[in-house]
Amino acid sequence: AGWLSSEVMSVVDTAVVGSCSAPELAALGPGTMIIDSGSYLFFWLNVATTSLFASALAKGKSAEAYDTLSDALWLALACGLGMTVAVMSLGGPALTAICSSAPSVVPLAATYLNIRLLGLPAFMAGMVLQAACLGAKDARSPLVVLVTCGLVNLCLDLYLVKGLAMG
């Protein structure tokens with residue numbers, strides 16, 4: 001569920017926006033592609049955190065495990081901020097290239113991309129925290145968080161897109 005959560009939330013965004021506007025629906029694809037593809041570049045952080053955290057806990061070295069988690073969280077925030085800066089700098093030209101057959105979609109795609117970028121550092125940190133929970137044999141907590149985030153995403157999508165007509 002954790003590895004699919006971003007995609008599921010993107011599908012919810014697509015379903016809600018798609019029920020209102022075709023141009024705004026067309027804008028979601030490029031923005032989603034850039035953020036989701038970029039996030040996958042840092043999936044190693046999730047795998048490494050799970051492995052290192054679980055190994056340290058298995059050896060009874062909880063201080064080492066939490067030092068690893070702290071380092072991974074700082075690294076995740078740095079990677080998230082770095083990717084945010086990179087996409088803010090290169091996102092416009094990338095969207096222009098991706099949307100060359102429909103240039104009118106670029107401003108809408110840029111808006112969606114910038115909104116998604118706001119949460120990227122938190123997404124990266126959440127990915128590391130989820131890995132630590134899994135390394136500690138706690139699969140329930142991340143699932144509860146992901147279901148809660150999914151419901152909040154759905155409610156906010158409905159409220160902002162349908163209720164306030166924000167597109």
Scan the helices (runs of 4 or more DSSP H) fully inside segment 61-167 and keep the ones with 3 or more residues being closer than 22 Å to Cys20 by Cβ, open to solvent by 20 Å² or more (accessible area, probe 1.4 Å) and touching a residue at least 24 places away in the same chain (Cβ under 8 Å). 106-118, 140-157
Quick check on segment 27-47. Is at least one of its residues of a type in the set (D, E, K, R), in a loop (DSSP other than H, G, I, E, B) and without any contact (Cβ under 8 Å) to a residue 40 or more places away in the chain? no
Somewhere in segment 58-72, is a residue on the phi > 0 side of the Ramachandran plot and of a type outside the set (Ser, Thr, Tyr)? yes
For Met33, work out the one condition from (1) of a type in the set (A, V, I, L, M, F, W, C); (2) open to solvent by less than 40 Å² (accessible area, probe 1.4 Å); (3) more than 16 Å from Leu129 (Cα to Cα) it doesn't fulfil. (2)
Please tell me if Thr84 is over 14 Å from the mean Cα position of the chain (by Cα) and polar (S, T, N, Q). no
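The values are calculated or read from the model by the stated rules, or taken from the named source; none is laboratory data. Since this is a predicted model, take the numbers as computed values, not measurements. Every residue, glycine among them, receives a Cβ derived from its backbone with ideal geometry; neighbour counts consider all protein chains shown. Surface accessibility is based on the protein's heavy atoms, side chains included, excluding ligands, DNA and RNA. Shrake-Rupley method; radii C 1.70, N 1.55, O 1.52, S 1.80 Å.
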